[in-house]
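Please read the structure below before turning to the comments.
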Amino acid sequence: MRSVRSFRPDPVPNEILTEILEVARWTGRGSNRQPWTFVVVRDPATLGAIAAASPNVGHVAGAAAAIVIVMDGGLPQIETFDEGRVAKRILIAATALGLASAIGWVVPAGAPAVAELLGVPEGRRVRTLVSLGYPTEEGARPKSAPGTARRPLADMVRFERFG
Ligand SMILES: Cc1cc2nc3c(=O)[nH]c(=O)nc-3n(C[C@H](O)[C@H](O)[C@H](O)COP(=O)(O)O)c2cc1C
């Protein structure tokens with residue numbers, strides 16, 4: 001799977017969103033703490049306002065829906081790992097269900113505005129979101145030749161010792 005940042009306006013059926021959220025719900029976490037709340041946003045005005053607060057997540061403005069992963073706000077190191085894990089499961093579930101998706105990190109300067117928009121209480125962490133939708137033709141087109149968008153394995157794997 002790869003990031004797709006250009007979506008058709010077609011809505012994502014509620015059953016598909018629920019399936020994705022079920023996959024997110026089952027994400028494993030040390031001690032089975034489940035330090036997240038998923039805010040599903042479908043209102044184009046809210047999606048646009050999120051993008052305005054953090055232009056690096058501009059793809060959310062054109063998404064059919066976004067899942068904003070609100071973390072409880074505990075130990076940042078551990079919760080950052082959890083946040084990444086649950087985000088990746090959302091991305092993979094979306095792909096498996098035939099959707100295009102793109103992850104985004106709301107910049108710290110934009111986070112208070114996004115928290116306000118979504119009514120997130122003080123102390124929670126608003127950072128990761130996933131834009132979802134059906135891809136436009138342009139969005140569906142590969143940006144690089146298959147197999148070339150990552151460093152080769154030989155460059156990043158060592159056996160037995162690093163050096
Ligand atoms: C923690 C994290 C934050 C990211 N933040 C953004 C973002 O704010 N905006 C965006 O367009 N892409 C964002 N990305 C997507 C990456 O740019 C993208 O995954 C990477 O370029 C590889 O491309 P691919 O997913 O198409 O293979 C983020 C990815 C990660 C893992």
Item to check | Protein accessible area in the chain, 1.4 Å probe - carbon and sulfur % | outcome: 58
Checklist entry - What is the magnitude of the charge dipole of the chain about its Cα centre, with +1 placed on the Cβ of each Lys and Arg, -1 on the Cβ of each Asp and Glu, and no other charges, expressed in debye to the nearest 20? => result 600
Item to check | Within a Gaussian network of the chain (alpha carbon springs, distance under 10 Å), most fluctuating of A64, A145, A109 | outcome: A145
Checklist entry - Can you tell me the accessible area per residue over region 14-156, all protein chains present, probe 1.4 angstrom, in square angstrom? => result 54
Checklist entry - How far apart, in nm, are the 7 Å Cα→Cβ label points at A45 and N32? => result 4.2
Item to check | Loop-resident sites, region 1-95, for chymotrypsin sites (Phe, Trp or Tyr not before Pro), counting at most 11 other Cβ within 10 Å (DSSP) | outcome: W26
Checklist entry - Along region 139-151, what does the Karplus equation 6.51 cos²θ - 1.76 cosθ + 1.60 (θ = phi - 60°) give for ³J(HN,Hα), rounded to whole Hz, x for Gly and Pro? => result x, 6, 6, x, 8, 9, 5, x, x, 10, 8, 9, 4
Next on the checklist: Run lengths n ≥ 4 of DSSP H only: what is the helix-derived mean residue ellipticity at 222 nm for the chain, with -39500 (n - 2.57) per run over all residues, to the nearest 500?
Outcome noted: -10500 deg cm²/dmol
Next on the checklist: Taking loop as defined by DSSP and a crowding limit of 11 other beta carbons within 10 Å, which GluC sites (Glu not before Pro) in region 83-159 fit?
Outcome noted: E122
Next on the checklist: Using the Cα centre of region 14-156 as origin and beta-carbon charges of +1 (Lys, Arg) and -1 (Asp, Glu), tell me which of T128, A96, S31 is placed farthest towards the positive end of the dipole.
Outcome noted: S31
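Between A154 and T18, what's the calculated FRET efficiency when r is the beta-carbon distance and R0 is 35 Å? Round to 0.05.
Given R0 = 35 Å and the Cβ-Cβ separation, E is 0.25.
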Item to check | Taking N as its residue count, the alpha carbon Rg of the chain over 2.2 N^0.38 Å | outcome: 1.10
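The values are calculated or read from the model by the stated rules, or taken from the named source; none is laboratory data. What you are looking at is a predicted structure, and each value in this text was computed from that prediction instead of being measured. Positions of Cβ are generated from backbone atoms using ideal geometry, with glycine treated the same way; all protein chains shown enter the neighbour counts. The area values use the complete protein model at the heavy-atom level, side chains included, leaving out ligands, DNA and RNA. Shrake-Rupley method; radii C 1.70, N 1.55, O 1.52, S 1.80 Å.
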